[in-house]
Amino acid sequence: MPGERSSAASSDRRAIRRRDVAESRWPTVGALLAAVCLTALLPSSLRFGPVYLLPILELALLIALIAGDPGKIDQRDKWLRWVSLTLMLVLILGALWATASLIHILVVGKDPIVNDAVKLLQAGAVVWVSNNVAFSLFYWDLDSGGSASRLHHAPQYPDLAFPQQLNPPVAPPGWRPLFIDYLYLGFTNATAFSPTDVMPLAAWAKVAMAVQSLISLAILGLVVARAVNVFT
């Protein structure tokens, strides 16, 4: 029928438009700025190097990304890809350093923070949230080559399988994951200590999610146990 063909054509055009619209950079910029602020809030005993070392490095890399691909993420230049990967690496290493330092002082018990329940809980919360934001950005930037690659070439076999990919009828035509989907993945993986609705398919994704779960379990278990011990 003419009406049905027109409706189908209109649906196809909407799907193409949705598929071709590049992801906005500002949600990830907000998350990166939050990660930078959290890095600056860490106690000196959990921080890698001087107080402004990592924040300045992270901000410099972020400014380079925004300058090279402002507004929408649609450029696939190699230098931008390397800057993005370097920024993710710095975030992850900073979060892992803070986590290892926190676990060390909890086990050794020589830092004054371990005897102050309030400061210990604050430090633990900052480290836990920092890890979740860093891993969320890590998943977002590595899955199927990053946001720009997902825009230009939808992968046949994604690294991370979202419910909308496993069951296409529940999503609009041309759906692809955006940063908010990876942020949700990062926090649910940290609280459930296992995959929830997003399945890791690639080896790197399985390793990353396992590492994040172990880190979250260690932080929550050790920090809460020590804080309860101090309170009592």
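Bear in mind these aren't lab numbers, they're just calculated from the coordinates by the rules spelled out. Bear in mind that the values here come from a model prediction, so they are computed numbers and not experimental data. Don't worry about glycine lacking a Cβ; one is built from the backbone with ideal geometry, like all the others, and counts go over all protein chains shown.
P(r) tail for the stretch 121-232, what percent of Cα pairs lie past 21 Å?
When all Cα pairs of the stretch 121-232 are counted, 40 percent exceed 21 Å.
Simple spin-label model, 7 Å along Cα-to-Cβ: Leu121 to Ala154 in nm?
4.7
Pop out the ³J(HN,Hα) list for the stretch 23-29 in order, Karplus 6.51 cos²θ - 1.76 cosθ + 1.60 with θ = phi - 60°, rounded to Hz; leave Gly and Pro as x.
With the stated coefficients, the stretch 23-29 comes to 6, 5, 7, 5, x, 6, 4 Hz.
Relative to the Cα centre, what is the charge dipole magnitude of the chain, using +1 at the beta carbon of each Lys and Arg, -1 at the beta carbon of each Asp and Glu, and rounding to the nearest 20 debye?
Dipole of the chain, to the nearest 20 debye: 200 debye.
Net charge near Pro177: determine it from the other residues with C-beta under 11 Å of the C-beta of Pro177, scoring Lys and Arg +1 and Asp and Glu -1.
So the environment of Pro177 carries a net charge of -2.
P(r) for the stretch 2-231: what percent of alpha-carbon pairs falls in each 10 Å bin, starting at zero?
7, 30, 31, 19, 9, 3, 1, 0
Can you give the extra length, in nm with one decimal, that the chain gains between Asp74 and Val211 once fully stretched, where that is 0.36 nm per residue apart less the Cα-Cα distance?
Stretched fully, the Asp74-Val211 segment lengthens by 46.3 nm.
Work out, step by step, the length gained on full extension between Ala171 and Trp26: first 0.36 nm times the residue separation, then minus their alpha carbon distance; give nm to one decimal.
49.8 nm
What's the FRET efficiency of Tyr52 with Lys110 using the Cβ-Cβ distance as r and R₀ = 22 Å, to the nearest 0.05?
Efficiency, from the Cβ-Cβ distance: 0.25.
Near Lys119, which lysines are there with a Cα under 24 Å away, not counting those fewer than 8 places off in the same chain?
Within the straight-line cut-off, Lys119 pairs with Lys110.
Under a Cβ-Cβ cut-off of 14 Å, what is the net charge of the residues other than Lys206 that fall near it, where Lys and Arg count +1 and Asp and Glu count -1?
So the environment of Lys206 carries a net charge of -2.
Which whole-Hz ³J(HN,Hα) couplings does the stretch 214-219 yield from phi under the Karplus relation 6.51 cos²θ - 1.76 cosθ + 1.60, θ = phi - 60°, glycine and proline marked x?
Whole-Hz 3J(HN,Hα) from phi for the stretch 214-219: 5, 4, 4, 4, 5, 5.
According to a simple spin-label model (label point 7 Å from Cα along Cα-to-Cβ), what is the distance in nm between Phe193 and Arg81?
3.8
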